[in-house]
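Participant: Please see the structure below; I have some questions.
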Amino acid sequence: MTGSTVPVLALLGVSKSYGAARALVDVDLQVHAHEVVAVIGDNGAGKSTLVGALTGALVPDEGEVLVDGSPVTLSDPSVARGLGIAAVFQDLALCANLDVVENLYLGHEAQRGPLLDEVTMEKHAWELLNQLAARVPSVRVPVAALSGGQRQAVAIARSLLGEPRVIVLDEPTAALGLRQTAEFLTLVERLRERGHGVLLTSHSLADVQAVADRIVVLRLGRTNGEFDAARTSYEELLAAVTGIQR
Amino acid sequence: MNDLGLAASTWQRLRTGDLGVLPVAVVLVLIGLVFQALNPHFLSADNLVNLTQQAAATGVIALGVVLTLHVGQIDLSVGAVSGLAAAVVAVGSVQLGWPLWLAVLAALAVGVLVGSIYAALHTRLAVPSFVFTLAGLLVITGLQMRVLGPTGSVNLPFEWWLVRFCQTAFLAPATSWAIVALVVAGYAAGRVTDRVRRVRAELPVAPLWQVVARVVALAAGLSVVVAYLGTNRGVGAVFALFVGLVALTDLMLRRTRWGRFVRAVGGDAEAARKAGVPVRRVFVSAFVACSTLAALGGVLAVGRLAAANQGSGAGDTNLTAIAAAVIGGTSLFGGRGSAWSALVGILVVQSISTGLTLLNLDQSARLVVTGLVLAVAVTIDALQRRAREA
Ligand SMILES: Nc1ncnc2c1ncn2[C@@H]1O[C@H](COP(=O)(O)OP(=O)(O)OP(=O)(O)O)[C@@H](O)[C@H]1O
Ligand SMILES: [Mg+2]
């Protein structure tokens, strides 16, 4: 499926330390269009740091981020966004005091002259949320009043605005119930069909095996193997995640 | 919704602070009625005109405080900045012989400069704003003394335009009514276009009677104020300027991208940054706007008193402006509030002050009462925050 095409988004020898803690060590990674890549690893393996490096939330100490094969400096999430890379962070990065529409469009507000175009934004917000089969009571309630799963839906809907080429999701299923997880996985498949590249991180091997084309295992900041999802057993993945040799 | 449901939902909105400045406006009316009962002169048109004129300068400063509180910061030096601005106007125009407009511009430039320094300290070094603005308070007070020089006090001639604007300029009745008509028409037009667009987009709309009720309430409220003040000297130019600035700030906070960014940064700066908000620029705009409004407040104060001295902008002004913003209902925790809280808040503080003076109580009573009201306001703010998080 990935073929020999140039990856839309790639990391080359990326390292990142927080003081003495080495969160990422010499990591290579590619995401192609029409592909779902899953990154799995234990708590503290470096998944969120990897997502940060891919989406401009943090700048790696060493190594390169490539978009369409050419090196870029993602100094800020808005830079990444401009290059077609959207992110759903683990903490969701929603402003609890703003309502759903305000959060969805934060940083990309529709305007009519000098003023905000609330009508257009509100209408499109409903369309986006319906497309995700997300159920929120109203798009005009502050996000503080939503459940964890509803907030997640808002964050995912926000990442879909403006048709990004790659969507990077950090632990998207962590706060979801069974049915919402199933719906989310269907959505990921739809995104792949529409030609987006998707990278998601997870703890749940089952979820990942259900949807991913490729699975990259992170362990203590290093890549500990890359697997074809269709041909890898649960036990093999578990071994790679925990580092237990068989 | 039945009566019980309505009462419950109103109580819920009150508890979480979703009613905005409305509760404080009710408190303001109550304060007016209490003082009127104690002294029949309190609600006289003459007294209310004085009250509005006195509130304007500090109110402009409070408006700046509202902006810094919105981004979750505080500027403790606004009084000192206003004092320095007053000194610059007086010394520049009277002692150095600059044209008055130039002295005013120089004073505003001081505000811009101070705000830029604060913004740089905050965004580059991440120092908490209450620390560096406290340092700024000392430095700026020192500069104010230096600018004023050994005499420590400079008077402005009464015939200068700034003094006349702040003391004796009132809107002509025709002008007042024209403004009322324009505001009401503009508000109604905005509401109706909004409603039409929402209907076309098949979005839920408020019932038509609510739109009509709001327009009628606005028209009635403004008319009563203008008519009643009109039985005396009318609406003061400086008060009109203050209200105009509040309305403009309100529009910018609620209906422009900048306003949305300000609220987002105040709610959660890191989340806003990840969403692509230029967080640094937002902080810069808030600090600069705050100090500049403080400087403008100082300019208006020097016009009102026709003098600048070492007491200009000292302790009292600082605390009054900050207290007014909080009493008016802008949260100390960032991301919540309204430009109107500067107006309502300063009117509460000024009413208490005027009312107690009418009762022949001195400064000490005024400070104690204002302090208690501020304490109540802060407590309510904290309780509302807890209710929102629960
Ligand atoms: N801001 C930070 N300051 C210091 N150390 C950090 C910081 N963020 C992460 N780390 C460290 O970097 C390592 C990788 O963290 P990261 O958050 O990327 O892990 P993760 O795989 O996302 O974990 P989880 O599954 O718990 O989300 C951890 O050892 C963590 O302690
Ligand atoms: Mg993580």
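Participant: As a check on your grasp of the helix formula, calculate [θ] at 222 nm for the protein assembly as shown: sum -39500 (n - 2.57) over DSSP H runs of n ≥ 4, divide by the residue count, round to the nearest 500.
Facilitator: Taking each H run of at least 4 residues, the total per residue is -19500 deg cm²/dmol.
Participant: Same structure again: Under 5 Å between amide H atoms, partner at least 5 residues away or on a different chain: which partners does A:Glu62 have, H built in plane at 1.01 Å?
Facilitator: Those qualifying (amide H under 5 Å, at least 5 residues apart or on another chain) are A:Ser15.
Participant: Can you compute the FRET efficiency between B:Ala109 and A:Ser233 using 1/(1 + (r/R0)^6), with r the Cβ-Cβ distance and R0 = 56 Å? Round to the nearest 0.05. The partial results should precede the final answer.
Facilitator: Details: r = 71 Å, r/R0 = 1.27.
Given R0 = 56 Å and the Cβ-Cβ separation, E is 0.20.
Participant: Within the range B:223-246, find all residues whose amide N lies under 15 Å from a label point positioned 7 Å from the Cα of B:Ala174 along Cα-to-beta-carbon.
Facilitator: None, by backbone N distance to the label point.
Participant: Can I ask one more? Name the lysines eligible as straight-distance cross-link partners of A:Lys47: C-alpha to C-alpha under 30 Å, and not fewer than 8 places from it in the same chain.
Facilitator: A:Lys16, B:Lys274
Participant: In a Gaussian network model over chain B where Cα atoms closer than 10 Å are linked, find which of B:Asn318, B:Asn47, B:Asn232 has the largest mean-square fluctuation.
Facilitator: Of B:Asn318, B:Asn47, B:Asn232, the Gaussian network model singles out B:Asn232 as fluctuating most.
Participant: Out of A:Glu122, A:Glu226, A:Glu236, any idea which swings most in a Gaussian network model of chain A, alpha carbons joined below 10 Å?
Facilitator: Fluctuation is largest for A:Glu236.
Participant: Still on this model: Which far-off residues, 5 or more places away or on another chain, put their amide H under 5 Å from the one on A:Val139, with H placed in the peptide plane?
Facilitator: Sorted by chain and number, the residues that satisfy this come to none at all.
Participant: Pick from B:Gly221, B:Gly152, B:Gly335: which residue has the top mean-square fluctuation in a GNM of chain B where Cα pairs under 10 Å get a spring?
Facilitator: Sorting by GNM fluctuation, first place goes to B:Gly221.
Participant: 7 Å from Cα along Cα→Cβ at both B:Arg214 and B:Val368: what's the point-to-point distance in nm?
Facilitator: 4.4 nm
Participant: Please report the antiparallel percentage of the DSSP beta bridges confined to the protein assembly as shown, to the nearest 5.
Facilitator: Details: 27 of 45 bridges.
Counting only bridges with both partners in the protein assembly as shown, antiparallel ones make up about 60 percent.
Participant: Report the net charge of residues surrounding A:Gly41, where surrounding means a beta-carbon distance below 9 angstrom and charges are Lys +1, Arg +1, Asp -1, Glu -1.
Facilitator: Neighbourhood net charge equals +1.
Participant: To continue, here is another question. Between A:Asp42 and B:Trp101, what FRET efficiency comes out of the Förster formula 1/(1 + (r/R0)^6) with R0 = 60 Å and r the beta carbon distance, rounded to 0.05?
Facilitator: For R0 = 60 Å, the calculated efficiency reads 0.35.
Participant: Further question: Can you compute the modelled spin-label distance between A:Val79 and B:Trp11, with each label point 7 Å from Cα toward Cβ, in nm?
Facilitator: That separation, rounded to one decimal, is 5.4 nm.
Participant: Turning to a different aspect of this structure: With the crude spin-label approximation of a point 7 Å out along Cα→Cβ, what separation in nm comes out for A:Thr5 versus B:Leu182?
Facilitator: With each label point 7 Å from Cα toward Cβ, the separation is 5.8 nm.
Participant: Still on this structure, I have one more. Which FRET efficiency, nearest 0.05, do B:Val378 and B:Ala120 yield, Cβ-Cβ r, R0 35 Å?
Facilitator: E between B:Val378 and B:Ala120, to the nearest 0.05, is 0.75.
Participant: Per-residue HN-Hα couplings for the range B:34-42, Karplus 6.51 cos²θ - 1.76 cosθ + 1.60 at θ = phi - 60°, whole Hz, x for Gly and Pro?
Facilitator: Couplings: 4, 5, 5, 5, 7, 8, x, 7, 4 Hz.
Participant: Okay, next question. In whole Hz, with x marking every Gly and Pro, tabulate ³J(HN,Hα) for the range B:170-181 from phi via Karplus 6.51 cos²θ - 1.76 cosθ + 1.60, θ = phi - 60°.
Facilitator: Those phi angles translate into 10, 5, 5, x, 4, 4, 4, 5, 4, 5, 4, 4 Hz.
Participant: How much length is gained if the chain between B:Gln36 and B:Ala227 is pulled fully straight, taking 0.36 nm per residue apart and subtracting their Cα-Cα distance, in nm to one decimal?
Facilitator: Here the segment from B:Gln36 to B:Ala227 would lengthen by 66.8 nm.
Bear in mind these aren't lab numbers, they're just calculated from the coordinates by the rules spelled out. Since we're looking at a predicted model, the values are computed, not measured. All Cβ positions, even for glycine, are placed from backbone atoms using ideal geometry, and neighbour counts span all protein chains on display.
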